[in-house]
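For reference, the structure is listed below as structure tokens.
The values are calculated or read from the model by the stated rules, or taken from the named source; none is laboratory data. On a predicted model such as this, the values are computed, not experimentally measured, just so you know. All Cβ positions, even for glycine, are placed from backbone atoms using ideal geometry, and neighbour counts span all protein chains on display.
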């Protein structure tokens, strides 16, 4: 689960991290009062969407020469003008795709005198099985490009979970970021605070980009991105309240209600599979035969008839889907249950696109019998290769 920048900053402020004063707004009419509540005279108006690259993004409704989704303002009137151009409009960034995202919230923040921009993130480093700081002096930039072009500027410092962030860890991070003076002193409290927040809130990612050194020498969190482990949200009611469903795919929201592992993709073949590995193999073979998957959908090993039917409905609700491939290996899950779930869903929502079903495993013969006697236009497949060929051929034909 992701949250907005202003929410992430509020959370970090609770852990003692240095952030600027700011106010989130939902309406243009709120912009003037929000700006007046800040020290000024420099303000920053920031689009709040779940995507990076906002500063370089462009609004669909505005001219190509218009400013991006993060703008400086030197007066309250300018704040209001920016708010009018941004709220309710569609921002397209490198991470949103061509469709972009509608800006429904703005964050109006007090400006900062920036001396240096740095990069700092925390994530789980699976190579060592520890939470690690990933830092660079090249903040405010595409960190993937930095890692590709100048990997020597990326530094990883793994933290021992038994000790937490030690003085030696802080020194190593500060050295990598070339901190000294007041910034080095701030680091002694900031980096342990970030680590504490990451662990206590069960985050999957905490990214501060940029972390800035201001002209007075102190550190400040200028931007913050957070992603939380969905499997741990039951422990964090306060985090669950921050969820903004308008930023999520409606199909993924519905899938979460049924505990389905579903991710919307850009292709045209819907997939319903049990098991993440089999789902990945199914998507790969669809691509091998020249088409693209419309989704990743793992119904899990113990899904019942109702859950299978719900998954099928979600897949068919995607207007991009031109064909559906159901690929099930019945171990714990029984093939006859899958067959009954598919038939129930087809009878309820109809079948307007080709459907290929490959079943193997527990009760496979019974599952095939149920499908064959359903009277529905379902194409059976003998194996995964056969299934991929048939669904691709059905779409092309």
TODO: Look at the stretch 158-181 and say how many of its residues are in contact with a helix residue (DSSP H, G or I) (Cβ under 6 Å, 6 or more places away or on another chain) and either on the phi > 0 side of the Ramachandran plot or assigned to a helix (DSSP H, G or I) (or both).
DONE: 3
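Here is a check on your reading of the model: is residue 380 closer than 21 Å to residue 293 by Cα and not in a loop (DSSP other than H, G, I, E, B)?
Values: closer than 21 Å to residue 293 by Cα: yes; not in a loop (DSSP other than H, G, I, E, B): yes.
Considered against the rule, which asks whether it is closer than 21 Å to residue 293 by Cα and not in a loop (DSSP other than H, G, I, E, B), residue 380 comes out as yes.
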TODO: Could you check how many residues of the stretch 130-141 are out of contact with any helix residue (DSSP H, G or I) (no Cβ under 9 Å at 6 or more places or on another chain) and at pLDDT below 95?
DONE: 3
TODO: Would you check if there is a residue in the stretch 286-294 being free of Cβ contacts under 8 Å to residues at least 24 places away in the same chain and either in contact with a strand residue (DSSP E or B) (Cβ under 8 Å, 6 or more places away or on another chain) or not assigned by TED's automatic domain parsing to the domain that holds residue 99 (or both)?
DONE: yes
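Against the definition (over 33 Å from the mean Cα position of the chain (by Cα) and assigned to a helix (DSSP H, G or I)), how does residue 365 come out, yes or no? Walk me through it before giving the result.
Working: over 33 Å from the mean Cα position of the chain (by Cα): yes; assigned to a helix (DSSP H, G or I): yes.
Yes.
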Open item on the list: Conditions first: (1) buried (at least 21 other Cβ atoms within 10 Å of the Cβ); (2) in a helix (DSSP H, G or I). Residue 49 passes all but one, so which condition is the exception?
Closed with: (2)
Open item on the list: Can you name every one of the strands (runs of 3 or more DSSP E) wholly within the stretch 182-284 that holds 2 or more residues which are closer than 30 Å to residue 322 by Cβ?
Closed with: 261-264, 269-273
- [ ] Would you tally the residues in the stretch 54-105 being free of Cβ contacts under 8 Å to residues at least 60 places away in the same chain and assigned to a loop (DSSP other than H, G, I, E, B)?
- [x] 26
